[in-house]
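Let me begin by presenting the structure, written as structure tokens, before commenting on it.
The values are calculated or read from the model by the stated rules, or taken from the named source; none is laboratory data. In this text the structure is predicted, and so the values were computed from the model without any measurement. Don't worry about glycine lacking a Cβ; one is built from the backbone with ideal geometry, like all the others, and counts go over all protein chains shown.
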Amino acid sequence: MTIPPSLFPLLLTTHVILAISLFLPAFLLPFTMRTRGTDGEPVVAANPGPFTRTLIWLEAHGTIIIGAGVAGLGAAWALKDSREVVVYEQDARVGGHANTVTIDYDGVPVRVVRPEYLVALYLEPSARTPKRQARAAMLLEWPGLNRGELDAILKRHDLSL
């Protein structure tokens, strides 16, 4: 599935709004810890679980940010002086799609985008040119290319070789 480039600003804005997640504790708390009594009035649960206790603490003190990509880390940095921020990331590293490696170039350490991501970028239908296809072919022959990671990236973005 290819997402039209015209939707990128909308998707980025939506991601940033969700990453900040200021509304999350206030939105979820009524569903996790309140029930209705016989008179119809809200009754607070006697023994809230760990999830509910976390939401209570965050509603009073902080913010949950889901994803340690560029937007999530930017939101955490912007909020760091005003409140406690908790960032959740599913991967073992931060950075999201800004996935780089350090290589040695004539004795100088240089950070570059991982080749698996470059191949995926070169295979995007909107970015395909003969020059980029030739670059992708060269990268596919590189012995350091992680084919398993490349296949996962291509599958995630509905691309093929």
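May I ask you to list the residues in the stretch 125-142 that are surrounded by 13 or more Cβ atoms within 10 Å (Cβ to Cβ), touching a residue at least 12 places away in the same chain (Cβ under 8 Å) and not aliphatic (A, V, I, L, M)?
Passing the criteria: only Arg135.
Does the stretch 150-159 contain any residue that is hydrophobic (A, V, I, L, M, F, W, C) and not in a helix (DSSP H, G or I)?
Checked the stretch 150-159: at least one residue is hydrophobic (A, V, I, L, M, F, W, C) and not in a helix (DSSP H, G or I).
Looking at (1) at pLDDT 80 or above; (2) under 20 Å from the mean Cα position of the chain (by Cα), which is the one condition that is false for Gln90?
Exception for Gln90: condition (1).
When you scan the stretch 111-121, do you find a residue that is charged (D, E, K, R), part of a loop (DSSP other than H, G, I, E, B) and crowded, with 16+ Cβ neighbours inside 10 Å, even just one?
There is at least one residue in the stretch 111-121 that is charged (D, E, K, R), part of a loop (DSSP other than H, G, I, E, B) and crowded, with 16+ Cβ neighbours inside 10 Å.
Which of the residues spanning the stretch 143-158 are of a type outside the set (D, E, K, R), in contact (Cβ under 8 Å) with a residue 24 or more places away in the chain and either surrounded by fewer than 13 Cβ atoms within 10 Å (Cβ to Cβ) or on the phi > 0 side of the Ramachandran plot (or both)?
Residues satisfying the conditions are Gly144, Asn146.
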